[in-house]
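See below for the structure under consideration.
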Amino acid sequence: MTASEIPSAEPPASTTRRDTRFGVIGTGRITRRLVADLQSTDGVAVTAIASRDQQRAQWFANQYGIANAVTGYAALLERDDIDAVYISLPPSMHHQWCVKAAEAGKHLLCEKPLAMNAEQAVEIDQVCSASSVRWLDATGWQHHPRTDQMKQWLLENRFGEIGHVTAAVSFYKPFLSDEHRLDSSLGGGCLLDLAWYTCGLIRWATDKMPVSVMGDAVMHGDVPMRVTGMLRFDDDSTASFSCGYDTATRKWFEVAGSASSLICDDFTRPWDDRPTRCWIHEASGEVASHTFGGAQERVMIAKLVGDASLKNYQTQAIDTHRILDALSKSLQSETRVELADAASVTSFVPSSRV
Ligand SMILES: NC(=O)C1=CN([C@@H]2O[C@H](COP(=O)(O)OP(=O)(O)OC[C@H]3O[C@@H](n4cnc5c(N)ncnc54)[C@H](OP(=O)(O)O)[C@@H]3O)[C@@H](O)[C@H]2O)C=CC1
Ligand SMILES: O=C1CO[C@H](CO)[C@@H](O)[C@@H]1O
């Protein structure tokens with residue numbers, strides 16, 4: 001079977017289980033898309049939405065056909081018609097509301113970045129374990145069937161020995177008036193927001209933690225507006241990335257091997273109205289294009305409400321935070337930073353192999 005013929009990984013409809021009932025915390029830009037994804041995933045219902053502001057909650061509830069508009073996030077967690085929450089708040093608020101939700105016994109889908117740093121991410125994981133609730137960060141690309149196929153190629157050494165990974169993610173001034181991306185107290189800046197994608201991709205592609213990282217930032221006040229990073233691994237393979245708010249949309253990566261390169265130009269989210277694609281470039285100049293079906297967010301949601309282990313994604317999220325922590329130290333100190341815990345690596349494998 002060629003990659004183009006690989007069927008969508010959309011899960012089959014469940015007829016035996018009760019729907020998992022989601023409550024939504026926050027009414028921002030991304031909420032609109034994710035609510036539609038939740039509502040169109042088999043076995044999932046959205047029963048309430050909470051905002052700081054009653055009118056905003058009501059407007060959103062009316063707009064999306066959600067039965068209950070709730071004022072205040074804590075009130076949503078008290079409801080017994082909610083099994084799980086989707087948290088789409090500014091990054092600085094993720095840890096606090098993840099912990100509260102887990103303690104209330106709700107499963108968690110939290111927007112990226114999972115937290116502000118690895119310490120908070122580990123604590124979220126621990127509280128979820130103690131409360132027997134499942135969690136995922138809403139990093140959709142990890143769940144696309146294309147990602148599973150690309151990982152399979154990497155595991156099979158399809159590209160030879162990997163020497164270098166490059167990734168770039170940017171959006172030109174994606175700012176709203178009340179913009180958390182420009183406010184350091186809310187976790188703003190492109191390091192957490194966009195290097196989450198580039199460093200996550202590097203972690204995913206290499207299956208290891210770097211031994212050292214070095215970053216350079218162009219600042220906007222006290223938040224990074226553009227970040228360039230270099231990562232080095234114990235076998236002398238390397239990675240580099242660029243992310244920022246000052247160039248047109250980029251969401252591409254290249255994995256460069258000794259035999260060929262894997263290239264994808266929309267890994268974070270497939271371009272609208274185009275086939276979901278990637279390319280393998282051979283040393284000869286021959287190029288093979290592969291296309292895929294599947295809706296990454298619906299696959300992600302189905303995994304959260306399913307039974308299979310999520311450990312592999314959870315480790316990926318925590319390790320991504322560890323890389324970002326080291327980069328943040330590097331930006332502050334203007335030096336190369338060693339990752340003390342580079343040895344603690346768990347392999348990220350496609351869900352079908354977990
Ligand atoms: N997975 C993806 O593809 C994407 C993920 N994201 C992530 O989603 C999260 C939210 O981003 P986005 O939707 O763009 O954010 P918005 O600014 O559009 O929305 C954030 C929401 O958080 C609530 N909120 C609570 N306190 C504050 C505060 N002090 N300042 C601002 N908002 C507050 C507000 O809801 P209310 O007032 O109603 O309570 C607001 O609507 C971020 O972590 C971001 O990284 C963003 C875009 C894409
Ligand atoms: O995750 C994200 C993807 O797209 C956005 C641009 O609109 C980013 O800023 C955002 O946080």
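The values are calculated or read from the model by the stated rules, or taken from the named source; none is laboratory data. Keep in mind that this is a model prediction, so the values were computed, not measured. As a convention, Cβ positions derive from the backbone with ideal geometry for all residues, glycine included, and neighbour counts pool all protein chains shown.
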### Query
Residues ALA308, ALA302, ALA317: which one is closer than 24 Å to SER242 by Cα and either modelled with pLDDT of 95 or more or assigned to a helix (DSSP H, G or I) (or both)?
ALA317
### Query
Failed condition for MET209, given (1) over 13 Å from ARG322 (Cα atoms); (2) away from ligand 1 (no atom under 12 Å from the Cβ), with all others met?
(1)
### Query
Any idea how many residues of the stretch 113-157 are of a type in the set (Lys, Arg) and in contact with a Leu (Cβ under 8 Å, 6 or more places away or on another chain)?
1
### Task
Scan the stretch 170-196 for residues that are near ligand 1 (Cβ under 9 Å from one of its atoms), more than 21 Å from CYS264 (Cβ to Cβ) and not in a loop (DSSP other than H, G, I, E, B) and jot them down.
HIS180, ARG181, SER185, LEU186, LEU192
### Task
Would you check which residues across the stretch 120-153 are without any contact (Cβ under 8 Å) to a residue 60 or more places away in the chain and assigned to a loop (DSSP other than H, G, I, E, B) and list them?
SER131, SER132, VAL133
### Message
Here is a check on your reading of the model: is ALA256 under 19 Å from GLN152 (Cα atoms), more than 16 Å from ligand 1 (Cβ to nearest atom) and at pLDDT 95 or above?
### Response
yes
#### Entry: All strands (runs of 3 or more DSSP E) inside the stretch 211-269 with 1 or more residues being small (Gly, Ala, Ser) and in contact with a Ser or Thr (Cβ under 6 Å, 6 or more places away or on another chain)
212-220, 238-244
### Summary
Among residues of the stretch 21-65 being within 13 Å of ligand 1 (Cβ to nearest atom) and in a loop (DSSP other than H, G, I, E, B), the residue modelled with the lowest pLDDT is GLY28
## Note on the structure
The residue that is nearest to MET230 (Cα to Cα), considering only those in the stretch 145-169 that are surrounded by fewer than 20 Cβ atoms within 10 Å (Cβ to Cβ) and either of a type in the set (D, E, K, R) or within 16 Å of ligand 1 (Cβ to nearest atom) (or both), is GLU161
#### Entry: Unique match (being assigned by the TED database to the domain that holds CYS278 and either in contact with a Phe, Trp or Tyr (Cβ under 7 Å, 6 or more places away or on another chain) or within 13 Å of ligand 2 (Cβ to nearest atom) (or both)) among LEU154, LEU186, LEU231
LEU186
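Yes/no per residue for (1) within 16 Å of ligand 2 (Cβ to nearest atom); (2) buried (at least 22 other Cβ atoms within 10 Å of the Cβ); (3) not in a helix (DSSP H, G or I):
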| position | (1), (2), (3) |
| --- | --- |
| ASP80 | no, no, yes |
| HIS94 | yes, yes, no |
| GLY105 | no, no, yes |
| LEU114 | yes, yes, yes |
### Query
Within the set of pairs 6+ apart or on separate chains, which have a first residue in the stretch 179-202 that is modelled with pLDDT of 95 or more, a second that is basic (Lys, Arg) and more than 11 Å from ligand 2 (Cβ to nearest atom), and C-beta atoms under 9 Å apart?
CYS190/ARG226
### Message
Could you go through the stretch 40-58 and let me know if any residue there is crowded, with 22+ Cβ neighbours inside 10 Å, more than 30 Å from SER309 (Cβ to Cβ) and not aliphatic (A, V, I, L, M).
### Response
yes
